[in-house]
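Asker: Here's a structure for you.
The values are calculated or read from the model by the stated rules, or taken from the named source; none is laboratory data. Quick caveat, the model's predicted, so the values are computed rather than measured. We place every Cβ from the backbone using ideal geometry, glycine too, and count neighbours over all the protein chains shown.
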């Protein structure tokens, strides 16, 4: 076991870094989608609300693994079969494993982020909006200067949880051959036949990363809290 | 005193102050000869099955302080909110500085005005709420700068100068970096008043601003309002503070059942109540 760890630690560390990078970029996309989605969910226009709800309903329902297959194996070849130039240009980057994984995870997690941010927007007392409007702020200025900054502080903790979910979810990317932590564990297991040790070491890596993340989240959360006492 | 500059006064006795302050925005078209800053004509509002306001008429001249009193549920707050269109009234007309609020005339009919135009009116009307409603994620200074920087778009330096002046006036210059939840209710309410004043409003609306305060904190807020009134600010004050209405207001409007029943000089209102209903109301208020 110790010998194995000594041999494979650098290998696993690189995998962990890849997984973390994958998570960070996916989460960036997820929060961006979540912001737009949440604004759609609270929009005054029914059509916009329906669109946002539809997105959430679909992408929350599709298992991330299925989505990953659709995005990586499905979309680029579909565009190729259709032979439409525009679609091919748009979707061929998804032949890149890492990009496909980021897109799939961001789309999946974005549905959750949408709901998290929507709930946080709705948790801001309507009096805040009233005060802003009484100063002559427009709907969008009120959102930008008053509601969103407050709701992101509220959303920070649940978004931190979502980050952890996505981090663990990146292990799925191993199935399309992204050499993240789980893929490295598979390779190590295949080379040494020490399955239990190989996968347990990966498990330990995930647990440690999650604990570190959790600490960072609660530190930043305290810093940006709306309670200043 | 740096305070004079908070107020754009057209009132005779304050004429010298008005010249002193001479803010760039002060030249505003006044409505006709009477120069009312706020005028409500036959205003009505219905919420579902309940009539909140009906046939409300009110005229407030520049520099005047009008107290609106009456039993709860009589429509005082709704009336105030119709003036800056936080509540869209559904009949009659509201003018602020001669400008119709919330609607525009199109071929003799009133149509709902654009959000942009409503905002143009709102930024000249200061409003202070019962529960302060300060921006919780911003410091005191941040609260004061928000409107001037992002709505009026004045240069930062100018906004800062004014913010500090106003903070001095409400006596909170030492709290610039505090967050709202680090302040007492009375301090928060004074910040809320300061936030509204930073917009250099034509008129200030006060919506039961002392009702949510501990009794010992009421005085400091009323003192600020009293000073504002003395400086010639045009004020409409919904209040349960009868002594404030008596001592500070020029006029008192008594509301009941969604309409203004009596509108008269403050002194007469209290010394010679016009109806038995007002008499009993005053008796109950002074007991409380």
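Asker: Looking only at region A:54-65, decide whether some residue is within 28 Å of residue A:114 (Cβ to Cβ), without any contact (Cβ under 8 Å) to a residue 12 or more places away in the chain and surrounded by 14 or more Cβ atoms within 10 Å (Cβ to Cβ).
Answerer: There is no residue in region A:54-65 that is within 28 Å of residue A:114 (Cβ to Cβ), without any contact (Cβ under 8 Å) to a residue 12 or more places away in the chain and surrounded by 14 or more Cβ atoms within 10 Å (Cβ to Cβ).
Asker: Name the residue, out of A:111, A:119, that is surrounded by fewer than 18 Cβ atoms within 10 Å (Cβ to Cβ), at pLDDT 95 or above, away from chain B (no Cβ under 14 Å) and closer than 17 Å to residue A:33 by Cβ.
Answerer: A:119
Asker: Ok, one more. So, in region B:60-109, exactly how many residues are surrounded by fewer than 18 Cβ atoms within 10 Å (Cβ to Cβ), over 19 Å from residue B:46 (Cβ atoms) and within 14 Å of chain A (Cβ to nearest Cβ)?
Answerer: Result for region B:60-109: 1.
Asker: Would you check which residues across region A:164-184 are buried (at least 22 other Cβ atoms within 10 Å of the Cβ) and in a loop (DSSP other than H, G, I, E, B) and list them?
Answerer: Answer for region A:164-184, where residues must be buried (at least 22 other Cβ atoms within 10 Å of the Cβ) and in a loop (DSSP other than H, G, I, E, B): A:178, A:180.
Asker: Identify all residues within region B:37-63 that are within 14 Å of the chain's Cα centre (by Cα) and over 14 Å from residue B:83 (Cβ atoms); write none if there are none.
Answerer: Answer for region B:37-63, where residues must be within 14 Å of the chain's Cα centre (by Cα) and over 14 Å from residue B:83 (Cβ atoms): B:61, B:62, B:63.
Asker: Among the residues of region B:270-284, which ones are in contact with a strand residue (DSSP E or B) (Cβ under 8 Å, 6 or more places away or on another chain) and touching a residue at least 24 places away in the same chain (Cβ under 8 Å)?
Answerer: Result: B:270, B:278, B:281.
Asker: Right, another one. Evaluate region B:176-185: report whether one residue or more is more than 19 Å from the chain's Cα centre (by Cα), within 14 Å of chain A (Cβ to nearest Cβ) and crowded, with 20+ Cβ neighbours inside 10 Å.
Answerer: Within region B:176-185, one or more residues are more than 19 Å from the chain's Cα centre (by Cα), within 14 Å of chain A (Cβ to nearest Cβ) and crowded, with 20+ Cβ neighbours inside 10 Å.
Asker: Pick from region A:124-138 the residues that are assigned to a helix (DSSP H, G or I) and more than 7 Å from chain B (Cβ to nearest Cβ): which of them is farthest from the chain's Cα centre (by Cα)?
Answerer: Applying the filter and picking the extreme gives A:132.
Asker: Report, by residue number, each residue of region B:127-144 that is closer than 24 Å to residue B:220 by Cβ and either surrounded by fewer than 22 Cβ atoms within 10 Å (Cβ to Cβ) or at the interface with chain A (Cβ under 8 Å from one of its Cβ atoms) (or both).
Answerer: Within region B:127-144, B:127, B:129, B:130, B:131, B:133, B:134, B:135, B:136, B:138, B:139, B:141, B:142 meet the criteria.
Asker: Of B:232, B:147, which residue is surrounded by 23 or more Cβ atoms within 10 Å (Cβ to Cβ) and within 25 Å of residue A:151 (Cβ to Cβ)?
Answerer: Answer to the check: B:147.
Asker: Say whether the condition of being within 13 Å of chain B (Cβ to nearest Cβ) and more than 23 Å from the chain's Cα centre (by Cα) is met by at least one residue in region A:209-225.
Answerer: no
Asker: Keeping to region B:242-255, report how many residues are in a strand (DSSP E or B) and surrounded by fewer than 19 Cβ atoms within 10 Å (Cβ to Cβ).
Answerer: 0
Asker: List the residue pairs whose Cβ atoms are under 6 Å apart, where the first residue sits in region A:161-181 and is within 13 Å of residue A:206 (Cβ to Cβ), the second is not in a helix (DSSP H, G or I), and the two are 6 or more positions apart or on different chains.
Answerer: Close Cβ pairs (under 6 Å, with a partner that is not in a helix (DSSP H, G or I)) amount to A:170/A:180.
Asker: Now a separate question. Are any residues in region B:257-276 part of a strand (DSSP E or B) and surrounded by 18 or more Cβ atoms within 10 Å (Cβ to Cβ), and if so, which ones?
Answerer: Passing the criteria: B:259, B:260, B:262.
Asker: While we're here: So if I check each of A:187, A:159, which one is part of a helix (DSSP H, G or I), away from chain B (no Cβ under 14 Å), buried (at least 18 other Cβ atoms within 10 Å of the Cβ) and under 26 Å from the mean Cα position of the chain (by Cα)?
Answerer: A:159
Matching residues to (1) under 14 Å from the mean Cα position of the chain (by Cα); (2) more than 14 Å from every other protein chain (Cβ to nearest Cβ); (3) under 15 Å from residue B:127 (Cα atoms); (4) in contact (Cβ under 8 Å) with a residue 40 or more places away in the chain:
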site: B:189; (1), (2), (3), (4): yes, no, yes, yes
site: B:195; (1), (2), (3), (4): yes, no, yes, yes
site: B:210; (1), (2), (3), (4): yes, yes, yes, no
site: B:228; (1), (2), (3), (4): yes, yes, yes, yes
site: B:234; (1), (2), (3), (4): yes, yes, yes, yes
site: B:244; (1), (2), (3), (4): no, yes, no, yes
site: B:255; (1), (2), (3), (4): no, yes, no, yes
